[in-house]
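Report on the structure given below.
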Amino acid sequence: MSYATVIVLAAAVAVQAPGGQPDWTAVQAEAVKTLQGYVRINTSNPPGDVTKAADFLAGVLQREGIGVKRFESGAGRVILLARLKGTGSGKAILLENHMDVVPTDPSRWSRDPFGAEIADGRMWGRGTMDMKGIGVAQLYSFIMLKRLNVPLARDVLLLFVPDEEVGGTLGAKWMREQHFDELDPEYVLDEGGFGSRDLFTPGKLVFGISVAEKKILWLRLRAEGVAGHGSQPIPQNPNDHLIRALGRLLNDPIPAARFRVVETMKTRVGALADNKFNNAIQTSTMSITSLRSGVGEPPKVNVIPSVAEALLDCRVLPGMTAQQWVAEVTRRVDDPSIRIDVTYESDDPVVTPDDTPFYRALESAVKRHHPDAIVTPMVVPYGTDANGFRPKGVKSYGFFPGIVPAASILSMHGDAEFIPTDALGPAIQILFEALRETAR
C-alpha cells in the first residue's frame, strides 16, 4: 500500500467519530505518518535544497483538494502558500513554518538523523522539533478546517518556507519583500512557545506563547599577526591575541536585565527552573560557536598563522541596540588590534500584545483541555521568522500547543532531537479550535 493510499484512508476516518466530532486519535496517527515521511527528506541547510520536501507537502495538500501556490526564491529554495478563503470581513491568519533544518554529524547520533524512528513514544530525527513537527501540526489544523467546512470570516493561510536556519533571506524575508500583498495578515503563528511540565518550573504545567524574541547579532572577531615557524614563539601570534581577548570577554559575566515579558512570566509561573533555556531568556547572551586558524588542511602544527578568527552568536534582549552591544563587546575584548564585524543582524525586537482575540483564543483552547495549566506570554532565546513580521504591525506569536518535556526542547540542534508522538494530536486539536474561534 502506497503512502498516498494510507493518507487517503486515514483521512476518510479522521472526521468519522461518534457524535459527529472529529476522531482526533485518527488525525494524530495520520499526522505522525506524515511527519515520518517529512523528516526522512534531508533538508539540511547548507545546502538548503527543500524541493523534495515542498513536493511532498504540496502533495498532501492537493490530495485534500487545497490549492497550492509555488514560489522559487533561488536554486532549491521553494516556498509554498495555501489559502482557505474567508468572506473577507477580517484580515488573514498566517500559519508559517520552515522546511530547512540544521546539519547533522551522523557519527554523533545513536539513530539515523533522517530515519524518523519511533521508539518509546518518541520520534527521533533532525527537524522533529525544529520545526517539521510543528509544521505538521499547523498543516493538520489547517486541513481539518477544510475537511469540516468551517465557515471563515477571514482567510487562513499556510506558508512553508526555506532558509530560516541561515537568516531567512530566501524564505520568509523574501516573501515579505516580494509578495507581502499575497499575505497581508493580521496574525502570524510560528514556532517559539510550547507546553511543558518540567522546562519552565517543576511540577507545573505551563504553556508559553511567545510574544517577543531577542535580537540576533552574529559577530566575527579577527586577529591579524605575523606568520612564522612554530618552534620560535613571537608576540605577534594572532592565536594568542584572540585567545586572551576571548578570555576577557567570557570572564566578565553579563548581568541579568529586567524585561517586562519575563517579569510577567515570573509573576504567573513563579521561580523559573535553572536550565539553559530559562537562563537564556533572562539575560543577553553570547556563545563562541567557531574558532578558525592555522595554515593548510589539516593545519600544520609547526606553522604560526597570520590570521585567527572567532564567530560569536549573540542574542540581545530588547532595550539594547546593536551599536551599544558591539561597543560593550569591544570594551570587554580590550584590544584595538582585533577587528569586530557584524555578519548578521536581525530586526529590532517588537513585543506583540497578549490581549488580542487570537491570543485569547489560544489561551482559552489550552484551558479547555488543561484546566490546571498556566498560560503565559514569553520571550524565546532563539530567533524565528515571526520576528520579521512584527515591525510591519503584524501581531506575531510563536506557539506549539502540545506538551513536550524539557529534554525535547533542549534537543533542538543537538545530536538526539526528538518529539513525543502523543504531543501532535492535542496540539492539532487546540490549534484548530483557536483558529476556528478567531477566523469565523
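The values are calculated or read from the model by the stated rules, or taken from the named source; none is laboratory data. Values in this document were obtained by computation on a predicted structure and should not be read as measured data. Glycine also receives a Cβ, built like all others from the backbone with ideal geometry; neighbour counts cover every protein chain displayed.
Across segment 233-249, not a single residue is classified as in contact with a helix residue (DSSP H, G or I) (Cβ under 6 Å, 6 or more places away or on another chain), over 25 Å from C314 (Cα atoms) and modelled with pLDDT of 95 or more. Scanning segment 96-109 for residues that are in contact with an Asp or Glu (Cβ under 8 Å, 6 or more places away or on another chain) and more than 30 Å from K173 (Cβ to Cβ) returns P106, R108, W109.
Any residue in segment 313-330 that is basic (K, R) sitting within a Cβ distance under 9 Å of a residue that is surrounded by fewer than 17 Cβ atoms within 10 Å (Cβ to Cβ)? List the pairs, counting only those 6 or more apart or interchain. The qualifying pairs are R315/S287. Inclusion of V211 among residues that are at pLDDT 95 or above and within 17 Å of S396 (Cα to Cα) is warranted. Exactly one residue out of F432, F418, F400 is closer than 23 Å to T356 by Cα and under 15 Å from the mean Cα position of the chain (by Cα): that is F400. Residues in segment 363-384 that are among the hydrophobic types (A, V, I, L, M, F, W, C) and outside any helix (DSSP H, G or I): A373, I374, V375, M378, V379, V380.
In segment 385-395, is there at least one residue being in contact (Cβ under 8 Å) with a residue 40 or more places away in the chain and in a loop (DSSP other than H, G, I, E, B)?
Taking every residue of segment 385-395 in turn, at least one turns out to be in contact (Cβ under 8 Å) with a residue 40 or more places away in the chain and in a loop (DSSP other than H, G, I, E, B).
The residue of segment 339-369 that is nearest to S210 (Cα to Cα), among those that are loosely packed, with under 14 Cβ neighbours inside 10 Å and basic (K, R), is R368.
Checking each residue in segment 118-132 for being in contact (Cβ under 8 Å) with a residue 60 or more places away in the chain and over 20 Å from R63 (Cα atoms) picks out I118, G121, R122, M123, W124, G125, R126, G127, T128, M129, D130, M131. Any residue at all in segment 345-362 that is under 30 Å from W174 (Cα atoms), under 21 Å from the mean Cα position of the chain (by Cα) and part of a strand (DSSP E or B)? Within segment 345-362, one or more residues are under 30 Å from W174 (Cα atoms), under 21 Å from the mean Cα position of the chain (by Cα) and part of a strand (DSSP E or B).
Scanning segment 71-84 turns up one or more residues that are free of Cβ contacts under 8 Å to residues at least 40 places away in the same chain and either assigned to a strand (DSSP E or B) or among the small types (G, A, S) (or both). Restricting attention to segment 241-274, the residues that are within 19 Å of I374 (Cα to Cα) and in contact (Cβ under 8 Å) with a residue 24 or more places away in the chain add up to 11. Number of residues in segment 1-57 that are at pLDDT 95 or above, crowded, with 17+ Cβ neighbours inside 10 Å and in a helix (DSSP H, G or I): the value is 18. Applying the criterion of being touching a helix residue (DSSP H, G or I) at 6+ places or on another chain (Cβ under 7 Å) and part of a strand (DSSP E or B) to the residues of segment 218-232, the residue that is nearest to E345 (Cα to Cα) is L219. Say we look at segment 214-236 and pick out the residues that are exposed (fewer than 15 other Cβ atoms within 10 Å of the Cβ) and of a type outside the set (A, V, I, L, M); which of these is nearest to D334 (Cα to Cα)? By that ranking, first place goes to P235. Selection of helices (runs of 4 or more DSSP H) fully inside segment 237-309 by the criterion of at least 3 residues being buried (at least 18 other Cβ atoms within 10 Å of the Cβ) and among the aliphatic types (A, V, I, L, M) returns 238-251, 260-269. If you go through segment 223-240 and keep only what is touching a Gly at 6+ places or on another chain (Cβ under 9 Å) and among the aliphatic types (A, V, I, L, M), you end up with just I234. Listed by first and then second residue, the pairs with beta-carbon distance under 7 Å, at least 6 apart or on different chains, first residue in segment 161-186 and farther than 16 Å from T384 by Cβ and in contact (Cβ under 8 Å) with a residue 12 or more places away in the chain, second among the aromatic types (F, W, Y) and surrounded by fewer than 20 Cβ atoms within 10 Å (Cβ to Cβ), are H179/F71.
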